There are 2 protein chains.
Amino acid sequence: MRQKYTKYGLKSQKLGFLTAGRENLLSIGSALTNSTNLKSLSQELGMSQTTVSRALNGFPEVSERTRQLVLKAAAKHNYKPNTRARRLATGKSMTIGHLVSVSKEHEMVNPIFADFIAGASARYAQSGYDLLLSLVPDEDEFTSYKELAARSAVDGVVVHAPRVDEQRIAQLNNLNLPFVVHGRSSNTVEKYNWVDVNNERSFFRATQLLIELGHRSIGLINGVAEMDFAMRRTRGYRRALKENNIAVAEAYITHSEMTEPNGYKNAITLLDLPTPPTAIVTSSIIMANGIRRALDERELKLGRDVSVITHDDDLSYFRDPAAVPVYTATRSSVREAGRLSADLLLKTIADPGRDPEGILLDAELILGSSTKPPRPR
Amino acid sequence: MRQKYTKYGLKSQKLGFLTAGRENLLSIGSALTNSTNLKSLSQELGMSQTTVSRALNGFPEVSERTRQLVLKAAAKHNYKPNTRARRLATGKSMTIGHLVSVSKEHEMVNPIFADFIAGASARYAQSGYDLLLSLVPDEDEFTSYKELAARSAVDGVVVHAPRVDEQRIAQLNNLNLPFVVHGRSSNTVEKYNWVDVNNERSFFRATQLLIELGHRSIGLINGVAEMDFAMRRTRGYRRALKENNIAVAEAYITHSEMTEPNGYKNAITLLDLPTPPTAIVTSSIIMANGIRRALDERELKLGRDVSVITHDDDLSYFRDPAAVPVYTATRSSVREAGRLSADLLLKTIADPGRDPEGILLDAELILGSSTKPPRPR
DNA sequence: AGAAAAATCCAAAGCGCTTTGAAAGCGTAA
DNA sequence: TTACGCTTTCAAAGCGCTTTGGATTTTTCT
């Protein structure tokens, strides 16, 4: 007799060992697939699988009486069509992929992604889509997209944290996989779907506000320079200075991953300059916390001694219900961006011929208590 | 002739309209399924689908020469078995579900979940599993698990943020769906898999340290009381006071969602008591930031005027590379917890007969600069 | 009443893979 | 040469659903 090498053979052996008492494979098989299926449901109802399937999926070709009978029986057994079978039959994955890259340097996961996904997830759920999440080392990003596409595991993907030069956009267009970018990529000429905040304008306004208050030495504590949002924010900052005839001091500009310790470290660097800035604009409320710590350490008071404006993604665990918020901020809900991205992606999947669309959100400039005119020397 | 009501009928009409030029459905169909499949690959190789499948899946029943030929051809076409088909055929979903509940009150997503998932995700990827993420309003939690099980969309789930009284554990045991709890549930007698930090002991130690420094009035700014971790931390805190014959002042204990503004608010409450505490223990580094802000506002200095110990989940965007960290902290990497949870879940799925296991992590007590003896009055 | 139209239902054919049970190929011993 | 045991390959049967093209029943219209 032929020796059994197959996976199944091995497994059944193992199972048999563990579940002594079972006499055959069949009983184990049925123990694994415990739930009601379409076949048994239709048999119980004395109808064909077709009719039951149609009744459940809302097709008009089944009488109302039949539909009610089917729905009642389905509810009774808590029947839900098997996802795996349904996906194979329909040829759709009903799944959206989110690939979030984890920076190699600090193994950092951008904290805004949780709130972004919270927004998107709700939309997917409404439309019956699942969310496939994968955190990948940033050098593996494209490989991961390609693999998802090749094994057709998803119907679309969201691209997080685009860089100024973003390869993924062209690559995804080639793969013919619907996608939406959260953010934009300046050096990309192709058309693509995106949802972004008006970074340039909001940092222009923030800087402008500080200038109007009388500040002339304004620091910028920004994210990593390769990131598109960071580049745009720097541009807004520079433009404001330029339009007000203030020279840009390169030493006032720092770029780094947006962690609290980096906010602290960069603020210390600025504060220890021969002529330290009297105001700071920063890209993240997490960094703002680090800046506050630096001020504290240098015995300086936020607002009174140094003004700070931060970008505020309206993260749920920093949301400030106070009438006057702590930080003057350019605020834009990243959760709302998640919702909009999801909507856009679902629209694109439903209608592949659709022209790519860009959605530009305008951050509000919210006045808090961290900005005051500079202290007279 | 019968009128076409079917979904497909409708859709093909729509597609036809949008893609003028295509003559028939077939061509559209093939445009959608663009990738190579097993059939075409085996035809090209002049082998049966069986042989190709076996060669790719590492079965020993295919000669080395054949395997190499197959692998080469597969690589050439970037062939990956279609996920949907494979899952139906094997009867496995190769997917782990993470249901993260979003609190109704603040729509808050616990910030630790991103790092936890980063840890788990890497493990899943290694074993060929996908991660299905769903953020659900906390009242829908169980419905969501039930639905995932009914449509057999996942092979196992992770339970986040268990409460002292946690219904989900018994429910999941009934569903016969493998699961791991991140944390524990005190009032649950059933056995289940869990990965948790020794919350009781670490808060005992933290409180003990403050007492040894000379503090007698110690506040506790904790998470929501229903959460199991919060209850255990309170217990450790109380035990330390008790063992040192210090009366517990209920006014020194606050419970709330762990946001920065709540940290601030609760700290202000404590600091404005007739006899304010000289030290505070808190459950989250985010709250610790709020506490620092409160100290700042009351013109108090962290460490010198009020000592603070925080629990530190070692979140990537707060990770402090400084030799002496800002906060004295009970530290335990939540990312490591994610890895361990994933390992445990995958083990359970591979071997369903396995006895449930609990993994207890011990938080380190890290000395930082936020703890000093109390200031003499 | 009879024919046409509409409504309702069904058997069967996939979806793209894995797995089974059997057949074919191949070297070696009798 | 034949027979035997391995090794290697294959045709075919599902997995549980959706969708097709018809078949059957009911309603509507003349």
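The values are calculated or read from the model by the stated rules, or taken from the named source; none is laboratory data. If you're wondering where the values come from, they're calculated on a predicted model, not measured in any experiment. Backbone-built Cβ (ideal geometry, glycine too); neighbour counts: all protein chains shown. Just so you know, the surface numbers come from the protein's heavy atoms only, side chains and all, with ligands and any DNA or RNA stripped out. Shrake-Rupley method; radii C 1.70, N 1.55, O 1.52, S 1.80 Å.
Looking across B:VAL248, B:VAL224, one residue alone is closer than 22 Å to A:TYR317 by Cβ and aliphatic (A, V, I, L, M). It is B:VAL224. Could you list, in sequence order, all residues of segment B:351-372 that are surrounded by fewer than 15 Cβ atoms within 10 Å (Cβ to Cβ), farther than 24 Å from B:GLY119 by Cβ and more than 13 Å from chain A (Cβ to nearest Cβ)? Selection gives B:LEU367 alone.
Surrounded by fewer than 22 Cβ atoms within 10 Å (Cβ to Cβ) and modelled with pLDDT of 95 or more, is that true of B:ASP296? Show your work before the answer.
On the way: surrounded by fewer than 22 Cβ atoms within 10 Å (Cβ to Cβ): yes; modelled with pLDDT of 95 or more: no.
The answer is no for B:ASP296.
Hey, could you check segment B:143-188 for residues that are among the small types (Gly, Ala, Ser) and more than 16 Å from DNA strand D (Cβ to nearest atom) and say which is farthest from B:TYR124 (Cα to Cα)? Before you say what the answer is, go through the steps one by one.
Here is the first cut: in segment B:143-188, the residues among the small types (Gly, Ala, Ser) are B:144, B:149-150, B:152-153, B:156, B:161, B:170, B:183, B:185-186.
Going one step further and asking which of them are more than 16 Å from DNA strand D (Cβ to nearest atom), we end up with B:144, B:156, B:161, B:170, B:183, B:185-186.
Values: B:SER144: 21, B:GLY156: 12, B:ALA161: 20, B:ALA170: 25, B:GLY183: 20, B:SER185: 25, B:SER186: 28 Å.
Selected residue: B:SER186.
Pick out the one residue from B:SER93, B:SER101 that is more than 20 Å from A:THR95 (Cβ to Cβ) and of a type in the set (Gly, Ala, Ser).
Details: B:SER93 fails: more than 20 Å from A:THR95 (Cβ to Cβ).
Step by step, each of B:SER93, B:SER101 is checked, and only B:SER101 is more than 20 Å from A:THR95 (Cβ to Cβ) and of a type in the set (Gly, Ala, Ser).
Inside segment A:74-105, can you point out the residues that are open to solvent by 20 Å² or more (accessible area, probe 1.4 Å) and within 16 Å of DNA strand C (Cβ to nearest atom)? Matches in segment A:74-105: A:PRO81, A:ASN82, A:ARG84, A:ALA85, A:ARG86, A:ARG87, A:LEU88, A:ALA89, A:THR90, A:GLY91, A:LYS92, A:MET94. Number of residues in segment A:126-145 that are over 14 Å from the mean Cα position of the chain (by Cα) and within 7 Å of chain B (Cβ to nearest Cβ): the value is 1.
When B:TYR237, B:TYR264 are screened for being aromatic (Phe, Trp, Tyr) and away from chain A (no Cβ under 14 Å), only B:TYR237 passes. Applying the condition of being over 26 Å from A:ASN176 (Cβ atoms) and more than 9 Å from DNA strand D (Cβ to nearest atom) to segment B:31-69 and asking which residue is nearest to the chain's Cα centre (by Cα) yields B:ASN57.
Is one or more of the residues making up segment A:169-180 within 18 Å of the chain's Cα centre (by Cα) and of a type in the set (Phe, Trp, Tyr)? Among the residues of segment A:169-180, at least one is within 18 Å of the chain's Cα centre (by Cα) and of a type in the set (Phe, Trp, Tyr), which makes the answer yes. Exactly one residue out of B:THR278, B:THR310, B:THR282, B:THR348 is buried (at least 24 other Cβ atoms within 10 Å of the Cβ) and either over 18 Å from A:GLY263 (Cβ atoms) or more than 14 Å from every other protein chain (Cβ to nearest Cβ) (or both), and it is B:THR282. Taken as a whole, segment B:62-73 holds at least one residue that is outside any helix (DSSP H, G or I), within 12 Å of DNA strand C (Cβ to nearest atom) and in the same structural domain as B:GLN43 (by TED's automatic domain parsing). Answer with yes or no whether B:VAL334 is of a type outside the set (Asp, Glu), closer than 23 Å to B:LEU132 by Cα and open to solvent by less than 10 Å² (accessible area, probe 1.4 Å). Judged against the criteria, B:VAL334 is a match.
Please tell me if B:ALA288 is more than 27 Å from the chain's Cα centre (by Cα) and not assigned by TED's automatic domain parsing to the domain that holds B:SER103.
On the way: more than 27 Å from the chain's Cα centre (by Cα): no; not assigned by TED's automatic domain parsing to the domain that holds B:SER103: yes.
Spelling it out, it is not the case that B:ALA288 is more than 27 Å from the chain's Cα centre (by Cα) and not assigned by TED's automatic domain parsing to the domain that holds B:SER103.
If you check B:HIS106, B:HIS77, B:HIS98 for being facing another protein chain (nearest Cβ under 10 Å), more than 9 Å from DNA strand D (Cβ to nearest atom) and at pLDDT below 90, only one passes: B:HIS106. Contact annotation: residue pairs with Cβ atoms under 7 Å, 6 or more positions apart or on different chains, pairing a residue in segment A:39-55 that is closer than 14 Å to A:LEU71 by Cβ with a partner that is open to solvent by 80 Å² or more (accessible area, probe 1.4 Å), are A:SER42/A:GLN49.
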